[in-house]
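Peer 1: Quick one: structure below, then a few questions.
Taken together, the values in this text are just the output of simple stated rules run on the coordinates, not laboratory data. These numbers were taken from a predicted model, which means no experiment stands behind them. Note that each Cβ is placed from the backbone with ideal geometry, even for glycine, and that neighbours are counted across all protein chains shown.
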Amino acid sequence: MKRKWSIVAGTLILLVAMATTAFADKPIKLIVNGYEIKPDIPPQLINGRTMVPVRWAAEALGADVQWDERAGAVRINSSQCPSPKPLSKEQIESIIRSQGKHKDSYYLDGLSYDLANLDDDADWEIVAKIDGTVHLGNFFILDKDPGGDYKLAAEQDWKVEHWYFDDLIEVDGKKLFKLVTRTGGTGVDVFTVHLWYVEQGDFKEAWRGTILERSVFAETYFKKIGGYQVDLHSENRRIFVWETTQQYKLEQDGVTPKGDIKTSTTTTIYSFNGTVFVPD
């Protein structure tokens with residue numbers, strides 16, 4: 001992920017404060033990277049501190065600033081991330097081999113990785129995945145220990161099809177991220193969405209749901225398509241989930257439906273209990 005979020009309580013003109021010895025009768029200039037910025041509300045000297053408009057300063061540094069009326073907060077989205085990447089692919093492979101639960105049995109030729117700010121500390125985490133075969137893979141999170149070295153913080157036997165670090169959901173102060181995994185076997189293919197977060201270095205899965213399942217068994221075709229919507233405006237942060245299934249016999253070509261198609265839809269509502277989403 002190339003994105004870092006911070007929240008500053010207050011209004012859009014509550015600003016960065018800096019100790020100063022400037023005189024009140026002299027205009028205070030705002031200079032970012034050598035260029036003078038002229039905001040509509042100029043910097044002001046208040047109680048011996050220089051107050052600078054946060055929107056103008058943040059946007060001059062390449063950040064996106066948004067006002068969250070519901071939360072009463074200024075949200076600053078900075079595209080800056082550690083560069084170059086803190087570890088090489090070979091170093092990450094070494095950590096996985098030495099600390100992973102499968103040791104030397106990983107298919108490291110299928111390893112890829114990225115950086116993401118999964119929590120609110122200053123250190124960016126390394127997220128990695130192994131693309132093994134159609135339904136096999138692994139997912140890892142590497143985080144810094146107190147000594148400043150990257151260690152394996154989480155591992156899942158997940159074949160990750162997609163991860164989404166730019167589309168986070170904030171619930172009760174937790175940053176929930178989404179990824180889609182693929183499982184299955186002979187004649188079965190299942191895609192599952194996971195909502196998860198990292199808290200005090202621990203990986204926690206808040207919810208999972210099927211978005212696509214299809215199988216063929218004994219000349220019977222089965223398909224399930226699911227969807228969900230997180231309602232952040234409800235008091236207990238609900239997820240509305242729906243699943244539609246179809247089942248029918250197949251002709252000898254293995255494709256054409258034969259006879260009636262049975263279709264049904266179910267809906268479920270989940271509420272966040274502070275740790276995970278549970279059915280209402």
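Peer 1: Counting only other residues whose beta carbon sits under 10 Å from that of residue 190, what net charge do I get with K and R as +1, D and E as -1? All intermediate terms of the calculation are to be shown ahead of the outcome.
Peer 2: Numbers: positive: 182, 214, 224; negative: 189, 213.
Surrounding charge for residue 190 is +1.
Peer 1: Could you work out the pair-distance distribution P(r) of the range 82-158 from its alpha-carbon pairs, with 5 angstrom bin width and percents rounded to whole numbers?
Peer 2: 3, 15, 30, 26, 15, 8, 2, 0
Peer 1: Taking a threshold of 30 Å on the Cα-Cα distance, which of the pairs 174/262; 175/262; 151/178 fall above it?
Peer 2: Among 174/262; 175/262; 151/178, the Cα-Cα distance tops 30 Å for 174/262; 175/262.
Peer 1: To continue, here is another question. Under unit Cβ charges (Lys, Arg +1; Asp, Glu -1), what dipole magnitude, rounded to 20 debye, does the range 193-265 have relative to its Cα centre?
Peer 2: 140 debye
Peer 1: Where the only charges are on Cβ atoms (+1 Lys, Arg; -1 Asp, Glu), what is the dipole of the range 129-260 about its Cα centre, to the nearest 20 debye?
Peer 2: 180 debye
Peer 1: For the range 148-165, in order, what is each residue's ³J(HN,Hα) by Karplus, 6.51 cos²θ - 1.76 cosθ + 1.60 with θ = phi - 60°, in whole Hz (x at glycine and Pro)?
Peer 2: Taking θ as phi minus 60°, the curve returns x, 9, 6, 10, 6, 9, 7, 8, 10, 7, 10, 8, 8, 7, 8, 10, 10, 9 Hz for the range 148-165.
Peer 1: Can you pull the one-decimal nm distance between simple spin-label points at residue 170 and residue 97, each 7 Å off the Cα toward Cβ?
Peer 2: For the pair residue 170/residue 97, the computed spacing is 4.2 nm.
Peer 1: What is the spin-label model distance, in nm, from residue 47 to residue 73 if the labels are put 7 Å beyond Cα along the C-beta direction?
Peer 2: 2.4 nm
Peer 1: Continuing with this model, one more query. What is the fewest-to-most order of 255, 190, 198 by other Cβ atoms lying within 10 Å of their Cβ?
Peer 2: In increasing order of surrounding Cβ atoms, one gets 255, 190, 198.
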